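Below: the structure, in structure tokens.
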Amino acid sequence: MYEFQLLGLFLMFLLVVVYYAKDDNIKRGNKVFRGIILITYIVELVGTVMYILLESGGNISTFSRIYLIITNLWFSLLAIYYTTYLFKAKNNSKLGIRDLSLGLFIIQVISSIIIFVSPLSLTRDNMINYSEHFIIYLICFYLTIEFLVLLMGIKKLDKSNYLHLVVMFVSQVLMFFFQLRSPEMLIFSLGMIITTYYGYFMLENVGTKELKNITLERDYAKKQCIDKSDFLRILSREIRIPLNTIDGFSQVIMDSDNIDDIKDNIKDIRSASRDLIDVINGMIDLSMIESGNLEVIDENYNVYDMFDDVKNIAESKLREKKVEFRVELDNDIPEILLGDSARVSQIILNLLTNAIKYTDKGNITLKVDSVKS
């Protein structure tokens, strides 16, 4: 058994290292379980010392009392751990958990004093005889709390978490039963390791993954807020430019008597109006995409008529620039196609708008090829 105790101590040391090596935001998942891990490690450490003293013929009465006090604390923390799940399911404030923790803390202090001063009943192997000690009543009390939590949480707790809590409760009952049957062995030490490891991998580690996902979602939401702020800043600029153009040329028209100048200015107003319509349509499309309501309409349309409209709009945008605009269409393209001509022309115009925006001289060519299948 000495070797098994050392193995248990090593296993708990690994769990402590793994748990406390995590990021502080992740460890914050459940502070009670953090205490359970530490207490389990301390129990294994005290148990190992007891076996070493037994092997060397030393007196283990003091360490036995410490072992009982820490075991009592472990079961107390498990009762609080169970209750935290019930309070979360009922959406109660932390006040209830604090009241329970305070009550169990008072019980813990009083029971620790009683354990420390009460006489120890030992087996012939000088191990603690639990069946004749006050601690069995305390453990039964904590197990009763856990059992009541499981009863009240049948319909309130998450099914997956509920099942894991039931397994942990059964493991505690079993180790309590076997410890009473075999007082010469530290069954509690083995049971605590199994229960703690099970709780970590089935409940706490899952919570860690969820917390990581929440952190990623929070970071993504922050990024979206920044992106939307940039989008609104750019959008306000894109709206302001055509509005200023419309307002400026309208004032020029009011002050002008030359019909030719007025016609030229009206062309500029119309071009700015189209830019403004494009921006507004883009906003509407973005809103529809985010809400999942954007529809693509399949209908027959004349592809050459569509490209004529695209060419006219592009040339109107290029009027103030010394840039030649060319359209080269593959002669094999059928005259009638099936699709959403408005979306197709929108995509092409978005590409052409960028080309027009960043081309100050030379030419822009829209070349369209086709693949037959």
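Quick one: would you say ARG218 is charged (D, E, K, R), at pLDDT below 80 and open to solvent by 20 Å² or more (accessible area, probe 1.4 Å)? Can you show your working first?
Details: charged (D, E, K, R): yes; at pLDDT below 80: yes; open to solvent by 20 Å² or more (accessible area, probe 1.4 Å): yes.
It is true that ARG218 is charged (D, E, K, R), at pLDDT below 80 and open to solvent by 20 Å² or more (accessible area, probe 1.4 Å).
Would you point out which residue out of LEU190, LEU186, LEU174, LEU165 is touching a residue at least 24 places away in the same chain (Cβ under 8 Å) and open to solvent by 60 Å² or more (accessible area, probe 1.4 Å)?
One residue alone meets the criteria, LEU190.
I'm checking my understanding of the structure. Among residues of region 78-92 that are over 14 Å from LEU203 (Cα atoms) and open to solvent by 20 Å² or more (accessible area, probe 1.4 Å), which one is modelled with the lowest pLDDT? Explain how you work it out, then say what you get.
Of region 78-92, the ones over 14 Å from LEU203 (Cα atoms) are 79-80, 83, 86-92.
Narrowing the set further to residues that are open to solvent by 20 Å² or more (accessible area, probe 1.4 Å) leaves 87-92.
Values: PHE87: 76, LYS88: 74, ALA89: 66, LYS90: 66, ASN91: 63, ASN92: 56.
Residue satisfying both the conditions and the ranking: ASN92.
Since THR195 meets every condition but one in (1) β-branched (Val, Ile, Thr); (2) surrounded by fewer than 13 Cβ atoms within 10 Å (Cβ to Cβ); (3) modelled with pLDDT of 80 or more, which condition does it not meet?
Checking THR195 against (1) β-branched (Val, Ile, Thr); (2) surrounded by fewer than 13 Cβ atoms within 10 Å (Cβ to Cβ); (3) modelled with pLDDT of 80 or more, the one that fails is (2).
Within region 354-372, can you find the residues that are among the hydrophobic types (A, V, I, L, M, F, W, C) and in a helix (DSSP H, G or I)?
At the first step, the residues of region 354-372 found to be among the hydrophobic types (A, V, I, L, M, F, W, C) are 355-356, 364, 366, 368, 371.
If the condition is that a residue be among the hydrophobic types (A, V, I, L, M, F, W, C) and in a helix (DSSP H, G or I), then ALA355, ILE356 are the ones that fit.
Hey, can you tell me all the residues within region 34-66 that are under 21 Å from LEU104 (Cβ atoms) and either at pLDDT below 85 or open to solvent by 40 Å² or more (accessible area, probe 1.4 Å) (or both)?
Hits for region 34-66 are ARG34, LEU38, TYR41, ILE42, ARG65, ILE66.
Considering only region 278-310, state which residues are touching a helix residue (DSSP H, G or I) at 6+ places or on another chain (Cβ under 9 Å), closer than 27 Å to ARG240 by Cα and of a type in the set (Val, Ile, Thr).
Listed by number, the residues that qualify are VAL279, ILE280, VAL310.
State the number of residues belonging to region 113-161 that are modelled with pLDDT of 85 or more, closer than 23 Å to PHE178 by Cα and not aliphatic (A, V, I, L, M).
Residues meeting the conditions: 7.
Take the residues of region 252-273 that are within 20 Å of PRO242 (Cα to Cα) and small (Gly, Ala, Ser): which is most open to solvent (accessible area, probe 1.4 Å)?
SER273
Which residues, taken from region 284-319, are β-branched (Val, Ile, Thr) and open to solvent by less than 70 Å² (accessible area, probe 1.4 Å)?
VAL303, VAL310, ILE313 - these are the residues of region 284-319 that are β-branched (Val, Ile, Thr) and open to solvent by less than 70 Å² (accessible area, probe 1.4 Å).
Touching a Leu at 6+ places or on another chain (Cβ under 8 Å), at pLDDT 80 or above and not acidic (Asp, Glu): is that true of LYS311 in this structure?
yes
Just the residues that are open to solvent by 70 Å² or more (accessible area, probe 1.4 Å), among the charged types (D, E, K, R) and closer than 23 Å to ASP285 by Cα, please, taken from region 335-364.
Passing the criteria: only LYS357.
The values are calculated or read from the model by the stated rules, or taken from the named source; none is laboratory data. Predicted model only: the values in this text are computed from it and were never measured. Cβ atoms come from the backbone with ideal geometry, glycine included; neighbour counts cover every protein chain shown. In case anyone asks, the SASA skips ligands and DNA or RNA and just uses the protein heavy atoms, side chains included. Shrake-Rupley method; radii C 1.70, N 1.55, O 1.52, S 1.80 Å.
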